[in-house]
């Protein structure tokens, strides 16, 4: 018995010591990672910038040192901000000799992908090489890789070149089966965000606008690839019609989509030859994050700043609003954006602001409040809008007052329209579930919005009038900001979505270009020759997620995984009580593939 107790105590002591030592090591590791966060990286001679194009290309990504551990050391795709900064620094750094693009399977909005490609095109002006290799090229991945000097493909790989399609889902009949229907109030023939809930197919107006912007985006892609690969656009269309992904890999070479077939060992041998590295030596790669953090030769801190403020995600009034668009992703929180823009307005060192907008809209009320703050900011210093993948509806609302608006040719913008949507669940509750209601009220409309019944005619008219007033305000803001007649704005409004290229032709956008072009325009308006760029708001540190309560985010992710493509609809119904009744937004999913 004594021996048993002795061994048990010894085991417990060992367990306690192990726990203490492990905790100390973990804390030291955390401290080391926190201390190294944002440190300047050094760049060795004969370096290659290695860019992983696997995953979804987002505007910004949170730095997460654990992601490489969870992915067996493989780096995931960096955010557009990090990638473009890394590419620009690689262009100017004499130690970097070229760029290697790998795992080109990424997805993203057409304009976001286009902006990354533009950064690579600019890099080639340095005379340095770009080499691309992938087992499989997604369509967006191939579009980016097409800028490379040499494109290599696995002998058993494929290029998924098939054209563009949009296939929205409609939930009217499914909702009717459970006794739910949507009461919709809108202004704008093309305002299609409500269609999945009241129709069983696309309206002719929506079909017209989707066909128009898909054709515009596709033609832009064809033009860029044709110029880079010296393939006629008609031939590229023929290859898309053939769905070349289902053809042998050699067919990709014969069609000039890629240059040669190779396994990864052959790719490494080719890169060593380009770098004049011996066969038994290793190639020297640098990640986009390290390259973006690299010291800039001759960099001098300037007093004058051009601030780039990122407005990304669904527009909501407060952080407590549930957003079916963003789910667990970024949001443009009205009350926070207003505080941030006010701080930039009062910062004497900030001489101009670039508002980087990537949003399909959201709360009309929050959009109006942000618009007001942009107006106050513009009265103090130049404001230039740089449109990312989406800057439509509420996203255009908050952009409309800027001194200049710059968009990518494939940006989805416009959608100047307003709608309101209220779920009528009275049949579900009173008939299918069997709950009965009674009411005592002091005034005629005291029970407006009750779950016991749908809205009556008077209530519906009040909602419609409110939406129409919102539309008049929205179009008035655009007319004032763009210096257009109100009737001219309304002629191109009606909730219609335009690409950046189409919007420029109609006066909704000043010029086509990327974020870098917008920064240069802002500096010119502020009459700056020397200045530094500063980004706002700074991304949340990786360790912040460890310190915050993530239970709701976890459940949200689980629901999204379980419901898949149906998640958006159910999230919308669930969030109706917390959403503003009046919305200025695109269809919930642009659904371009």
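The values are calculated or read from the model by the stated rules, or taken from the named source; none is laboratory data. What you see is a predicted model; the values in this text were computed from it and never measured. Note: ideal-geometry Cβ built from the backbone for every residue, glycine included; neighbour counts use all protein chains shown.
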> Which strands (runs of 3 or more DSSP E) does segment 484-593 wholly contain that include 2 or more residues that are under 18 Å from residue 397 (Cβ atoms) and at pLDDT below 95?
Replying inline: 582-585
> Applying the selection to segment 240-260, what residues are surrounded by 15 or more Cβ atoms within 10 Å (Cβ to Cβ) and in a loop (DSSP other than H, G, I, E, B)?
Replying inline: 247, 255, 257, 258, 259
>> Looking only at segment 109-137, filter to residues that are outside any helix (DSSP H, G or I) and buried (at least 24 other Cβ atoms within 10 Å of the Cβ); which one of those is nearest to the chain's Cα centre (by Cα)?
In response: 109
> Which members of segment 364-388 meet the condition of being outside any helix (DSSP H, G or I) and either out of contact with any helix residue (DSSP H, G or I) (no Cβ under 8 Å at 6 or more places or on another chain) or more than 12 Å from residue 311 (Cα to Cα) (or both)?
Replying inline: 379, 380, 381, 382, 383, 384
>> Among the listed residues 157, 179, identify the single one that is out of contact with any strand residue (DSSP E or B) (no Cβ under 6 Å at 6 or more places or on another chain) and touching a residue at least 24 places away in the same chain (Cβ under 8 Å).
In response: 179
> For segment 209-239, which residues satisfy the criterion of being more than 25 Å from the chain's Cα centre (by Cα), surrounded by fewer than 17 Cβ atoms within 10 Å (Cβ to Cβ) and part of a helix (DSSP H, G or I)?
Replying inline: 226, 227, 233, 234, 235, 237, 238
> Here are some residues: 441, 436. Which one is in contact with a helix residue (DSSP H, G or I) (Cβ under 8 Å, 6 or more places away or on another chain), surrounded by fewer than 16 Cβ atoms within 10 Å (Cβ to Cβ) and not assigned by TED's automatic domain parsing to the domain that holds residue 495?
Replying inline: 436
> Based on what the data block shows, is residue 511 in contact with a helix residue (DSSP H, G or I) (Cβ under 9 Å, 6 or more places away or on another chain), loosely packed, with under 15 Cβ neighbours inside 10 Å, under 24 Å from residue 213 (Cα atoms) and in contact (Cβ under 8 Å) with a residue 12 or more places away in the chain?
Replying inline: yes
> Pick from 313, 320: which is under 30 Å from residue 392 (Cα atoms), out of contact with any strand residue (DSSP E or B) (no Cβ under 6 Å at 6 or more places or on another chain) and at pLDDT below 95?
Replying inline: 320
>> Going through 184, 147 one at a time, which residue ends up being part of a strand (DSSP E or B) and in contact with a strand residue (DSSP E or B) (Cβ under 8 Å, 6 or more places away or on another chain)?
In response: 184
> Among the residues of segment 463-487 satisfying the criterion of being free of Cβ contacts under 8 Å to residues at least 40 places away in the same chain and surrounded by 15 or more Cβ atoms within 10 Å (Cβ to Cβ), which is farthest from residue 187 (Cα to Cα)?
Replying inline: 484
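Condition first: farther than 22 Å from residue 60 by Cα and either in contact (Cβ under 8 Å) with a residue 40 or more places away in the chain or in contact with a strand residue (DSSP E or B) (Cβ under 7 Å, 6 or more places away or on another chain) (or both). Now tell me which residues in segment 358-373 satisfy that.
Residues satisfying the conditions are 363, 364, 365, 366, 368, 369, 371.
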> Can you pull out the residues in segment 266-306 that are over 27 Å from residue 94 (Cα atoms) and either exposed (fewer than 11 other Cβ atoms within 10 Å of the Cβ) or without any contact (Cβ under 8 Å) to a residue 60 or more places away in the chain (or both)?
Replying inline: 303
> Residue check: is residue 391 within 25 Å of residue 224 (Cβ to Cβ) and without any contact (Cβ under 8 Å) to a residue 40 or more places away in the chain?
Replying inline: yes
> So how many residues does segment 261-305 have that are part of a loop (DSSP other than H, G, I, E, B), under 28 Å from the mean Cα position of the chain (by Cα) and within 30 Å of residue 249 (Cβ to Cβ)?
Replying inline: 1
